[in-house]
1. Hey, can you grab everything whose amide H is under 5 Å from the amide H of A:ILE284? Only 5+ residues off in sequence or another chain; H modelled, so Pro and N-termini drop out.
2. In whole angstrom, how far apart do the alpha carbon centroids of the range A:114-169 and the range A:191-244 sit?
3. Give me the Debye-computed log₁₀ of I(q)/I(0) at q = 0.11 Å⁻¹ for chain A, equal point scatterers on Cα only, no solvent, two decimals.
4. Only helical DSSP H runs with n ≥ 4 go in: add -39500 (n - 2.57) per run for chain B, normalise by residue count and round the 222 nm mean residue ellipticity to 500 deg cm²/dmol.
5. Among A:ARG16, A:ARG231, A:ARG95, which one shows the highest mean-square fluctuation when chain A is modelled as a Gaussian network with alpha-carbon springs under 10 Å?
6. Rounded to two decimals, what is the ratio between the C-alpha radius of gyration of the range A:109-199 and 2.2 N^0.38 Å?
7. Could you list, in their original order, any pairs among A:LYS59/A:LYS88; A:LYS94/A:LYS285; A:LYS42/A:LYS130; A:LYS42/B:LYS29 whose Cα atoms are separated by more than 31 Å?
8. Take chain B, connect every pair of alpha-carbon atoms lying under 10 Å apart with a spring to form a Gaussian network, then pick out the residue of B:THR114, B:THR38, B:THR95 with the largest mean-square fluctuation.
Amino acid sequence: MDGETEAPLPTTVDLRAEYESSGVRQLLEELDTELIGLKPVKERLRETAALLLVERARKSLGLSHHTPTLHMSFTGNPGTGKTTVALKMAGLLKRLGYVRKGHLVSVTRDDLVGQYIGHTAPKTKEVLKKAMGGVLFIDEAYYLYRPDNERDYGQEAIEILLQIMENNRDDLVVILAGYADRMDKFFESNPGFRSRIAHHIDFPNYENSELLAISDSMLEGQGYHFDDEARAVMAKYIDLRRQQPHFANARSIRNALDRARLRQANRLFTHATGPVGADELSTIKAVDLSSSRVFTMGRPDSDPAEKHDEETPA
Amino acid sequence: MRITQGCFSFLPDLTDDQISSQVEYCLSKGWAIGIEYTDDPHPRNTYWEMWGNPMFDLQDPKGVMMELADCRKQYGDSYIRFNAFDSTRGFETVTMSFIVNRPKVEPKLRMIRTEVDGRSQRYSFETVR
């Protein structure tokens, strides 16, 4: 890409300059500002970036180099930013030239595994073809393997995946994601995956203060803001919400904010007597949050099958 | 006899790299690639056998090249062509088509003259191996 092939090999490489010019620095800085918390993840990403950069520099000097195995596994609870980081990772790999296109194809078991005999292979292959040149992100990868049903077609998808991960290492990067404990079990029963995955990144749960910062930035992204009282209520909300079942970190926060906006709209609509200003329209007040069922703490969420697993709008 | 159908057919056979860059071009235009094969290259044989469905939503030519490799494994001694489908008009139209694989010995096209109605001639073609 940089015309390394025809010219005589350079004898030195300025890693700093590479770091700047490849756009990696910009990407990592973006990551730092956009993602709140996740220190260990950012650390690992920086390490990975350094490794890839050095590997690329070695290549340009003609030193022996191996295309490093780039397949990864992201483990962590729901809502801890795995998909977001995968997206960033795709950008990183693209900038360093380890994947050609740098798009992210996000799939789950349903997209890979078929319904009847002979359906799985074409389905898996189609997904893989779409992911070529980019990153294939398999969410909740452990569902691929169902030990209780030996005729489950998931095994077939796993075999195709493994084969492609081995043979087409230059063409795509596979990221498996899911809960830590279930991923561990999955790797135990599929040693082929374990050995083909070099980077295991663990996503910690967010701290309460981080979640508050996240809710601020989410609102800002939507053009809303808390007033001071509302922020205090939000902090309490986060604290209480964490103790309730089906807590999904940032995703719970997003749902809570969506409902707060709903209540805010309702409040404005029913109570506003005169014209409302821009500030009024974009302020979330304490009352919008405090009517949440989380605060009454009556019953735990009764129906676990319910997708939006939190309180219903008041 | 060298069959000349579709793009590039008067050029020497494309190498895999060249095929790959043509596919890259097609994908950059948002076209979907379908692979077809046949052992009968008669000009009137418009519909060749499909090798799977046309491939939509690809980003990278590698996916197509993998299918081509598979198709060659099974039908290496046939004609294989790529059709690029453009959907801008609301239906899929073949906008580009080129042969990517030929049999080792290509069949000939023989012209048959038939006399009808006095001395008028009817012409037809058939593929001869």
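1. Amide H neighbours of A:ILE284, under 5 Å, 5+ apart: A:HIS225, A:PHE226, A:ASP227.
2. Their Cα centres are 31 Å away from one another.
3. Ignoring solvent entirely, the Cα scatterers give -0.83.
4. It comes out at -6500 deg cm²/dmol, rounded to the nearest 500.
5. Of A:ARG16, A:ARG231, A:ARG95, the Gaussian network model singles out A:ARG16 as fluctuating most.
6. The reported ratio for this selection is 1.01.
7. Working: A:LYS59/A:LYS88 24 Å; A:LYS94/A:LYS285 43 Å; A:LYS42/A:LYS130 28 Å; A:LYS42/B:LYS29 36 Å.
Check vs 31 Å cut-off fails for A:LYS94/A:LYS285; A:LYS42/B:LYS29.
8. Residue with maximal mean-square fluctuation among B:THR114, B:THR38, B:THR95: B:THR114.
Quick note: the coordinates plus some simple rules give every number you see, no bench work behind them. Being a predicted model, the structure only gives us computed values, none of them experimental. Don't worry about glycine lacking a Cβ; one is built from the backbone with ideal geometry, like all the others, and counts go over all protein chains shown.
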